[in-house]
Each structure stands twice: as structure tokens, then as C-alpha cells.
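Worksheet for the structure shown next.
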Amino acid sequence: MAPVPISPINVGHIDDVQELRKSGPATIPERFVRDMTERPTLDTAPPSPNTVPVIDFSRLVKGNKEEHKSEMLELTRACEEWGFFQVINHGIDLGLLKSIEKVAKDFFMLPLGEKQKHQMLPGTVQGYGQAFVFSEDQKLDWCNMLALGLEPHFIRVPQLWPTEPVKFSETVEIYSGEVRKLCQHLLEYIAMTLNLRADFFEEMFGVAVQAIRMNYYPPCARPDLVLGLSPHSDGSALTVLQQGKGSPGGLQILKDSKWVPVQPVPNAFVINIGDTLEVLTNGKYKSVEHRAVTDREKDRLSIVTFYAPSYETELGPIPELVDENNPCKYRTYNHGEYSKHYVTSKLQGKKTLEFAKVESKIATS
Ligand code: OGA
Ligand code: NI
């Protein structure tokens, strides 16, 4: 989420999906209609029992020996096989989850003109609007976003922070502080599943970069034609996603070449491994491709936190995780450069990670 200087680009006219929904509920402009191969199949079959693992955080922290051990095994399995898990009993006050949802929803419900005071400029990724649009012919997501860099403070762009609702900034600060601690704790346990020192990542990451993105998906009359959010993997180390209470499902992950829905679990966070941890673990833990689909009748809100190393960090596979059976898959690179590459590329599956592949053809200068 670094504020990177970008040469002028032409992204064409971008309709605001909430306004579209208001003025012509059944109108889907061509730019939102996906090519056949990208359209979601809206599965009406009952959810598969094979679903994203659920980790009871309280058992990790204060469970007895047995509970702790079995939860650590489940965490290892989640990171190895899924790259995604849901965390329950995470210890963050449920009132705070409610408050962040309220300020986010209240912001998205403001008149367009109000929201546009904090407009995301073409080619940038902070503010209100659609991120990752770089050309006029690129398909658009059925989503409005409000994205803000949080830590370290120099990535903040104060004029992009809403002044309404009045509690917005205060709530974001408190929420983000709590989620930051959760990320730090989760990374300690993840380090331990890899037989690394608990503080391994903390030490390596320095002052970690943190950003928040609120995604608002209005209902869509033709959910079979559009995507809420294009398939992508996250550039972070860890991502923490809160699904709005009462929101329908919509997040799907690519598992064994099939899109699997992540069923909302009340008061849980959905956690996923980002590209950074995939590189550090030499691919042992995968940054899994995911996307969001829309609902015909209901709107959906998600609040997403990205937690990543400081931009100065040099990253590459951890030597302990490279051996003759697991040859080195990724080169060593600077995380700031990776971030810049990530935010200047459109969301396209796991394409951005090619930057880090050993045989990468992408120039880094
Ligand atoms: C994201 C993301 C999914 C969702 O913001 O990176 O994957 O369900 N969001 O909103
Ligand atoms: Ni994502």
C-alpha cells in the first residue's frame, strides 16, 4: 500500500456499483460482464463437508497440553493443505467487531459525493473506489472499496480518511491495534509449527506494514455474470478478514482446481497465508488464490487487514526449509519492491508471485 508515483494511465469511466444498483437494479454494464471462463458457477448444492479448518485460538493460548498440541496440529494442517483457516475465540471484543462493521457500513451508505471526497486516484490503492484498475478495457469488480494504509504512519494519507461517520478513525485505530496483536500472536504459533523460534517473523519483519480494506458488495441482479472481487492471492504475510454479521457468504478459495465457498462462522476471522509466507516457507505454506462472488438479493461487507514485513525487509526462503527434497523455489528480494510490483499489477490469480520465482522473467529494476 505504499504511495507509489505512477505515470498517468487511462482507466476509462468507472461506474460506482452502488449507484448503478440504485438507478437501474437490473443493468449490468459490459465492463462488469466477465468472459465465459471467468464467470462464477453459482452452486446451489449443500456446502461440502470438506471445508476450511476452524482453529480455536483460546486452546492455542491457554489450553492444556493436549488441547494445545491438537490445535497446533490443526493449524499446521490448515497452513499446509488450505492456506486458509477461520479463528474462533480470538479474544477480540465482539463489541469492537460490531463497531467496525457499523462505521464501515455507515460510510458506504453516505451519498456518493461525500465518499468521493476520499476518492482513490487511478493507479493508486488507497481511498474510496476500485483498486487495481490500470486500463480502459479491464473488467471491473462488483465492489466498492475503502482502503487505508495504517502502519507505519508514513504510509498514511490523512485526506483519504473519512471524517464521517465521526467515530470512523477512532474505531479503525482501536480495531487495527487489536488485529495487529492477533497477527503477531498467530505468526508466533505459525513459526512454532515450522520449528522456528516464536519471535522469528516478528524479528525479521521489523515495524510491520499494516493496511485495512473495507469491501462493500451491493446485491447484483446477475451474480452469474459478474465477480465481486477478481481472483488473486494477497501480497501480505497474513490477511485477517471479518465478514459482516448477517452477510451472505461470497468468499471462495481455489482448492484442487475447484472454487470452494468459505462459510461464514459467527464472530470468527478468516485468516489466510499471503505471498510473503509462501516465499519464506519455500512453498510449504501456500498463498491460496481466492475471489468474491455477489448475491442476487443481499449486500455483503468484509473488513480485511493486511499484515506484511517492513518495506526494507529482504525476503527469501528460510534456509531451514530448503533442502535437496525441497529445492529453493524463490529468489531473495526486497519486500518494498514486491509491494510496488503488487500494487501496480491488476489482480490476476497468483501472477504477481512470479516476481519471486527463481526463474522469474520479470525485470526488478
Ligand atoms: C481481499 C479479499 C475477499 C472478500 O480484500 O483481498 O480477498 O471476501 N477479500 O471480501
Ligand atoms: Ni484477498
Quiz prompt | Helix-derived mean residue ellipticity, 222 nm - over the chain, DSSP H n ≥ 4, -39500 (n - 2.57), to 500 | solution = -7500 deg cm²/dmol
Self-check item: Eligible aspartates and glutamates near K350 by straight Cα distance, threshold 16 Å, same-chain separation 8 or greater
Solution: E38, D234, D256, D275, E278, E289, E359
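So, for the chain, what is the accessible surface per residue at a probe of 1.4 Å, expressed in square angstrom? Numbers along the way, then the final one.
Details: 16340 Å² over 365 residues.
Accessible surface, normalised per residue, equals 45 Å².
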Exercise. Would you calculate the separation in nanometres between label points at V358 and S310, each defined as 7 Å from the Cα along the Cα-to-beta-carbon direction?
Key: 3.1 nm
Quiz item: If you plug each phi of region 346-355 into the Karplus form 6.51 cos²θ - 1.76 cosθ + 1.60 with θ = phi - 60°, what whole-Hz ³J(HN,Hα) values come out, in order, with x for Gly and Pro?
Solution: 6, 5, 8, x, 9, 4, 4, 5, 4, 3
Self-check item: For region 225-260 and region 108-151, distance of Cα centres in Å
Solution: 18 Å
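Quantify, in whole percent, the carbon and sulfur part of the accessible surface of region 78-119 (1.4 Å probe; protein heavy atoms only). Can you show the working numbers first?
Values: 950 of 1820 Å².
Carbon with sulfur: 52 percent of the solvent-accessible area.
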Quiz item: Could you give me the ³J(HN,Hα) list for region 78-86, computed from phi with Karplus coefficients 6.51, -1.76, 1.60 and θ = phi - 60°, whole Hz, x at Gly and Pro?
Solution: 4, 5, 6, 9, 10, x, 9, 7, 10
Quiz item: Within the chain, which DSSP H helices have Cα atoms that stretch 24 Å or more along the helix axis and a mean Kyte-Doolittle hydropathy of at least -1.0?
Solution: 168-193
Quiz prompt | Convex hull volume of region 43-181 per residue (C-alpha atoms, cubic angstrom) | solution = 187 Å³
Self-check item: Amide hydrogen neighbours beyond the local backbone of V288, cut-off 5 Å, H modeled
Solution: I273
Quiz item: For region 203-315, which whole-number percentage of the solvent-accessible area (1.4 Å probe, protein heavy atoms only) is attributable to carbon and sulfur atoms?
Solution: 52 percent
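For every other residue with a beta carbon closer than 13 angstrom to the beta carbon of L301, add +1 if it is Lys or Arg and -1 if Asp or Glu, then tell me the sum. Write out the running numbers ahead of the final one.
Numbers: positive: K98, K102, K105, R213, K245, K298, R300; negative: E101, D106, D295, D299.
Neighbour charge sum, excluding L301 itself: +3.
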Exercise. Springs between alpha-carbon atoms under 10 Å, Gaussian network over the chain: tell me which of P162, P219, P25 tops the mean-square fluctuations.
Key: P25
Exercise. Name the residue, out of D275, D56, D199, whose mean-square fluctuation peaks in a Gaussian network model built on the chain with Cα pairs under 10 Å.
Key: D199
Quiz item: For K62, which aspartates and glutamates qualify as cross-link partners when the Cα separation must be under 17 Å and same-chain residues fewer than eight apart are set aside?
Solution: E71, E74, E188
Quiz item: What are the principal axis extents of the Cα atoms in region 241-359, in Å, biggest first?
Solution: 50, 30, 25
Practice problem: Please identify, among S233, S339, S70, the residue showing maximal mean-square fluctuation in a Gaussian network model of the chain using a 10 angstrom Cα cutoff. | Solution: S70
Quiz item: In bins 5 Å wide, starting from 0, what share of all Cα pairs of region 159-288 does each bin hold, as a percent?
Solution: 2, 8, 15, 20, 19, 16, 12, 6, 2, 0, 0
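Using a Förster distance of 22 angstrom, determine the FRET efficiency expected from the C-beta separation of N326 and L73, and round it to 0.05. Write down the numbers at each step before the final one.
On the way: r = 21 Å, r/R0 = 0.94.
That pair, N326 with L73, gives E of 0.60.
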Quiz item: Over 20 Å between Cα atoms, which of K102/K245; K139/K357; K255/K351; K181/K255 qualify?
Solution: K139/K357; K181/K255
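If you take the Cα atoms of region 17-356, find Rg, then find the Kirkwood Rh from the mean of 1/r over all pairs, what is Rg/Rh? Numbers along the way, then the final one.
On the way: Rg = 19.4 Å, Rh = 20.5 Å.
That ratio is 0.94, to two decimals.
The values are calculated or read from the model by the stated rules, or taken from the named source; none is laboratory data. Here the structure is a predicted model, which is why all the values come from computation and not from measurement. Neighbour counts run over all protein chains shown; Cβ positions are idealised from the backbone, glycine included. For accessibility, only protein heavy atoms count, side chains too; no ligands or nucleic acids. Shrake-Rupley method; radii C 1.70, N 1.55, O 1.52, S 1.80 Å.
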